[in-house]
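Working notes for the structure below.
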Amino acid sequence: MGQRTQLILLLLLFIPYFVMESTASDDYNGLLSVKDELMNTPPNWVRPDPCGSKWDGIVCNNSRVTSLQLQSMNLSGRLSREIESLSELQILDLSYNKYLTGPLPPSIGSLKKLVTLNLIGCGFSGSIPDTIGNLQQLTTLSLTNNSFSGPIPASIGILSNLYWLDLAVNQLNGPIPVSPGLDNLLHAKHFHLESNKFSGEIPPQLFSSNMILLHLILNGNNLSGSIPETIGSVQTLEVIRFDRNSLSGTLPSNLSNLVYLNELYLSNNKFTGSIPNLTGLSLTYVDMSNNSFTVSDMPPWFSTLQSLATLVMENTQLQGPVPSSIFSLPNLQTVTLRNNNLSGTLDIGTSYSSKLQLVDLQNNSIVHEVYSAGGYNKNLILVHNPICNPPDATKSYCAVSQSNTPPYSTPSNHSCPPAQCTSDQISSPNCQCAYAYSGTLVFRAPNFLDLGISSYYLELQSTLMQRFKDCSLPVDSVSLRNPIKDSSTMNLNLSLDVFPSGQDHFNRTEILNIGSLFSSHTFTPPTGFGSYYFLANPYGYYAGISTESKKSLSIGVIIGAVAGFTILLLLLVLAGVYVYALRQKRRAESASGQLNPFAHWDPNNGSGGIPQLKGARSFSFEELKKYTNKFSEANSIGSGGYGKVYRGILPAGQLIAIKRAHTESMQGGVEFKTEIELLSRVHHKNLVSLVGFCFDQGEQMLVYEYVPNGTLMDGLSGKSGIRLDWIRRLKVALGAARGLAYLHELANPPIIHRDIKSTNILLDERLNAKVADFGLSKLMGDAESGHVTTQVKGTMGYLDPEYYTTQQLTEKSDVYGFGVVLLELITARMPIERGKYIVMVVQTAMDRTKVLYNLHEILDPAIGLQTSLKGLEKFVDLAMRCVEESGANRPTMGMVVKEIENIMELAGLNPNAESATTSESYDINKENSHHPYSNEGFEYSGVYPTSKIEPQ
Ligand SMILES: *[C@@H]1O[C@H](CO)[C@@H](O)[C@H](O)[C@H]1NC(C)=O
C-alpha cells in the first residue's frame, strides 16, 4: 500500500500547480489534520470537498470554511495546531465534547477573523495562549467548564470587541489582569469568571464609568482585599457575585449607586463593618450570609426593596426584632435569617406577601410568635429558638421537615402513562419512547431560592419550545427535572431532556443546531432564571452511525477519488495524501514486529471472518500454556462461574491475567468474536484493557493486563496490605466512576457493565481504580436483540431492585451497584453482612443534622477518623442518590463523576492530578485487628467470573 501511495505522489509531482486555489486547499488540509487528531468526526467527513459536498458542522462562503461547529459529537482527541489553516474561520464551536482534551494550540491566534470561540464543557487543559489577543474580531469567548490553568493572559485586554467573556469553572489562577487586562474591555457585558482559583485583590482599575458591564460573576475564587469603591461607577451592573472568596473590609457605600442592580451575592467572605444602606435599588436577590459584620439590628431599608424576592442573611450578626413590614414586600418568596441573634416576638403580620413560601429563622432567640389573623401557613422554621425549647411536637415550626420528593418534574401531557422504554430511550412528556438530547442547565443567578414553584419551569419549557419552533427544529417536547440548588456554588442545576419529533432520535445536523442554541446563548431563558450555561450529556444515537469510528481518511477513498475525479481535485487531495502517507509510515514502523493476530482464527468454524481488532492480539493455546506454566495451580488467581483466572507472563516480561472459560460457559464463535471486537475497542485508563484472546483448540480465553494491587474489596479488607485513607478512597471512587462513565457515555455502542461490585474494581500500582469484567456485559442499543436480555444476572447486594422487578436493564442499574460500592468505600462493610443490607444500615444510622451525618459508628476506622473527612457528607448524599429505588432518580455516571470531582475539590484535591503516590504497605497488626472484611467465608455469588487477582 505504501508503494502505491508513493507512486501516486510521484505522478502528482509532474502535474503543474498553477490551477490550484491555494487557500481553499489550505482549508481542506487543515480540516484533514484536525480530523486526523479526533475520533468520532461526522461520517460524511470523507466526502471529497468540505464545502461543495457539505460536511456536517462546516459552513462555507465562496469555497472557504467560515464556521466549524461540532457540538455534542462525542469527539475525543486533541485540537490540531493545523486549525490555523482555516484562515477565514469566523465561528469555532466545539462545545460539549468532554473527551476533547489537551491544550488549546497557540496557533489559534492566527484565525484573525474569528468572532466566536466556544469550547464549553470540553476537557481542554493547559493555559490560555497569549495569542488569544490576536483575535481582534472576537466578540464571544466561552471556555466554560474545562480544565484550563494558569493566569488570564493580559493580552485579552486587546480584544476590544469582546462582549461575552466566560472562563468559569476552570483551574485558572493568578490575579485579575488590568491595564492591560479586563479594564480595557469596554464593550463587554459579561464577565463570568466564577469557580476558578483567582487570587489577589480586585484591582480598583478594573472598574470605570466607561464600562457597560451587566454581569460581574467572580464567586468561588480566592480573591482577597476589599471591594474597590470604583465599582460604584459601573452603573449598568445588574448581577454581582462576589460570594465564596476571602474578601474583607467594609462594603463600599456607593454600591447604592448601582440602581439597576438585581442580584447581590456577597456571602461567605470576611466582610466587616456595617451593612450599607441600599435603599432605592431594584434588588430581587440579596445574600450576605456568613460574614463578620458589626452587630446590628435588621437594616430597616430591607423593607423598602419593592422587588425583593429572596433575602438570605444567615450568620450576619443581626439582632433585635424582625420588622414585620418586611413580610409585606409584594414579591417576597424566601426569607432566610438562620444563625443570628434575632429576638423578641415574630410577627409576620396580616398583609404578608401571597408569594411568601419560606421563613427560616433557625437558631435565633425568638421567644414568641404572633399568629396573624390571615394565618401564615407556609413553611416557617423556628428550630433552636427559645420558643421551641423544650421542643414542642405540637408546633409544626419546631420541626424541620425534610422532603425527599424532587421539587419539580415535567408531568406527562394529558396524564398519559409513561411509556415503558427499552435500552436508553426515555419516555417523553407525550409518553413516546425516544433518544432524548439531555444535559444540565446551570443557572448562575436565579432570583428565586424556592425550587418548588412549577410556574417558573412551565414558563421555561414553553420558552424553550417556542425557540425550537422559531428555529424549525424537529422537537416534540422538552422535559425538565430535578432542580437542585448546588450548595457549593448556589447555582440552580436543572436537568433538561429534549425529545425529537417524527422519529426516535436526532440526526447530527439537528443536534448541532440545538447544541448551538445553547452554546452560543441564542436561547434566552425567562427573566428570573438569569444567566446560564448548558452542559450536554454525550449523544450517541445518530442514525446510521458507524460502530467503528474511523480515525483517518481511508486510503481506499483517496485512491477512488484519484481515479474518478478531475485533476483539480487531485491537487486538492495531494497534501492530504502526503500527510496520510507520512503518518501511515510512522504507524507501520511502530507496529512492526507484531504477530499476525488472526493466525489462529478459524473462519470455517462458523464464526464469520476474522475479528476487527484495535490493539488486541491473538494467542495460540500453546503460547498461553507456556506463559502460565501449563495453567498451573500456582498461577491460578481466581475463579468464577465463567471459569478460572490465571496469571501469566509474556516473553517481553509483561504480566497478564488470563480468563479461561469452562466448556459449559463457552459462547458461540460469533458471540465470542463480537465480544472481543467490542473489548478491543474500549480503551480508558480506568478500565482493565484487553491484551488479546485465544480461540484455538476448542478454548476461549481472554487475556487482560495484570493489575497488581488486587481488588478493591481486598484493599478495603486489609488483605492486600494497602492503606486506603479518605483521599485515596475518593480517588478510587473517581477513577471507577470515570471508567464506568466512559462505558455508558462514550463507548460505541454504549456498554452496561451489569456486575459492578468491589471485586470488579482493581487497583494498579498507583492505586488507580480499573474497572474489570465489563467484557461480559451485554451491548446496549443493539437493535437486533431488542431490549437487553431479561435474565436477571448480577451479584446479590449490588442488584438494582428496579432491574430485578422489571427485568429491564439500563445504565442506572450500574449506578445502583456503584452506589453500594461507595457505601463499601466508607464503611468497609460487605454489602450484605450478617443478614444486614448496607444500604439500610447507612440509611438507619444517618442523621443529616449531625456532624458526619452521625455515621462515626459505622465508618471504617482505617479511613483515618483522626484526619479531616472533608466532603464525606456529600459523598454519602451521592451514594444515597445512586441507590434510589427508582432509576430515574439516580444520577447518571457522568453526573457522579462531576460530583466526586466537586467533593475532591472541597477536600482541597485536584481531581485531575495523576496520583503520584505508589502503594504503601501499612502495619497490618495495627489496623487489621477485627476488620469486617477479614471474614474469609464470603462467597462470590456473581454469575460472572470475578477477576480476583492477588499479588503473591
Ligand atoms: C437610607 O437611604 C435613604 C435614601 O438615600 C434614606 O432616605 C434613609 O434615611 C437611609 N436610611 C438609613 C437607615 O440611613
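The values are calculated or read from the model by the stated rules, or taken from the named source; none is laboratory data. Since the structure is predicted, the reported quantities are computational estimates derived from the model, not experimental observations. So basically every Cβ, Gly included, is an ideal-geometry build from the backbone, and we count neighbours across all protein chains shown.
What's the total number of residues in the stretch 56-68 that are more than 20 Å from Lys112 (Cα to Cα) and either at pLDDT below 90 or among the acidic types (Asp, Glu) (or both)? Break it down stepwise before answering.
We begin by selecting, within the stretch 56-68, every residue more than 20 Å from Lys112 (Cα to Cα); these are 56-57.
Subset that is either at pLDDT below 90 or among the acidic types (Asp, Glu) (or both): 56.
Number satisfying all stated conditions: 1.
Scanning for something among the polar types (S, T, N, Q) and in a loop (DSSP other than H, G, I, E, B), does the stretch 674-684 turn up at least one residue?
First pass over the stretch 674-684, keeping only residues among the polar types (S, T, N, Q): 674, 680.
From what is left, the residues that are in a loop (DSSP other than H, G, I, E, B) are none.
Looking for residues that are among the polar types (S, T, N, Q) and in a loop (DSSP other than H, G, I, E, B), one finds none in the stretch 674-684, hence no.
In the stretch 816-870, which residues are over 24 Å from Met893 (Cβ atoms) and part of a strand (DSSP E or B)?
Those that are over 24 Å from Met893 (Cβ atoms) and part of a strand (DSSP E or B): Glu833, Lys836.
Go through the stretch 296-312 and give me each residue that's more than 16 Å from the ligand (Cβ to nearest atom) and closer than 19 Å to Asn341 by Cβ.
Leu311, Val312
Please find, among Val883, Val897, the residue that is in the same structural domain as Val821 (by TED's automatic domain parsing) and more than 17 Å from the chain's Cα centre (by Cα). Before the answer, list the steps.
On the way: Val897 fails: more than 17 Å from the chain's Cα centre (by Cα).
So the residue among Val883, Val897 that is in the same structural domain as Val821 (by TED's automatic domain parsing) and more than 17 Å from the chain's Cα centre (by Cα) is Val883.
Residue under question is Pro323, and the condition is that it be within 16 Å of the ligand (Cβ to nearest atom) and of a type outside the set (A, V, I, L, M, F, W, C); does it hold?
Numbers: within 16 Å of the ligand (Cβ to nearest atom): yes; of a type outside the set (A, V, I, L, M, F, W, C): yes.
So Pro323 fits the description; yes.
Is there a residue being in a strand (DSSP E or B) and crowded, with 16+ Cβ neighbours inside 10 Å anywhere in the stretch 383-397? Step through it out loud before you land on a result.
In the first step, residues of the stretch 383-397 are kept if they are in a strand (DSSP E or B); the result is none.
Within the stretch 383-397, none of the residues are in a strand (DSSP E or B) and crowded, with 16+ Cβ neighbours inside 10 Å.
Using the structure shown, decide if Leu337 is out of contact with any helix residue (DSSP H, G or I) (no Cβ under 7 Å at 6 or more places or on another chain) and crowded, with 22+ Cβ neighbours inside 10 Å.
Numbers: out of contact with any helix residue (DSSP H, G or I) (no Cβ under 7 Å at 6 or more places or on another chain): yes; crowded, with 22+ Cβ neighbours inside 10 Å: yes.
So Leu337 fits the description; yes.
On the given criteria, is Ser717 in contact with a His (Cβ under 8 Å, 6 or more places away or on another chain) and either of a type in the set (Ser, Thr, Tyr) or at positive phi (or both)? Write out each step before concluding.
Details: in contact with a His (Cβ under 8 Å, 6 or more places away or on another chain): yes; either of a type in the set (Ser, Thr, Tyr) or at positive phi (or both): yes.
In short, yes.
Could you tell me which residue of the stretch 105-134 is surrounded by the fewest Cβ atoms within 10 Å (Cβ to Cβ), considering only residues that are within 24 Å of His521 (Cβ to Cβ) and among the β-branched types (Val, Ile, Thr)?
Out of the qualifying residues, it is Val115.
I'd like the full set of residues that are part of a loop (DSSP other than H, G, I, E, B), out of contact with any strand residue (DSSP E or B) (no Cβ under 6 Å at 6 or more places or on another chain) and of a type outside the set (A, V, I, L, M, F, W, C), limited to the stretch 411-434.
Let us first name the residues in the stretch 411-434 that are part of a loop (DSSP other than H, G, I, E, B), namely 411-412, 416-425, 428-432.
From the residues that got through so far, the ones that are out of contact with any strand residue (DSSP E or B) (no Cβ under 6 Å at 6 or more places or on another chain) too are 411-412, 416-417, 420, 422-424, 431-432.
Across the stretch 411-434, the qualifying residues are Pro411, Ser412, Pro417, Gln420, Thr422, Ser423, Asp424, Gln432.
Restricting the search to the stretch 301-318, which residues are part of a loop (DSSP other than H, G, I, E, B), without any contact (Cβ under 8 Å) to a residue 40 or more places away in the chain and within 10 Å of Leu281 (Cα to Cα)?
Selection gives Leu305, Gln306, Leu308.
Considering the stretch 283-295 alone, what residues qualify as being part of a loop (DSSP other than H, G, I, E, B) and either within 16 Å of the ligand (Cβ to nearest atom) or within 24 Å of Asn363 (Cβ to Cβ) (or both)? First the steps, then the outcome.
Start the filter on the stretch 283-295 by keeping residues that are part of a loop (DSSP other than H, G, I, E, B), which leaves 283-284, 288-295.
Those that are part of a loop (DSSP other than H, G, I, E, B) and either within 16 Å of the ligand (Cβ to nearest atom) or within 24 Å of Asn363 (Cβ to Cβ) (or both): Leu283, Met288, Ser289, Asn290, Asn291, Ser292, Phe293, Thr294, Val295.
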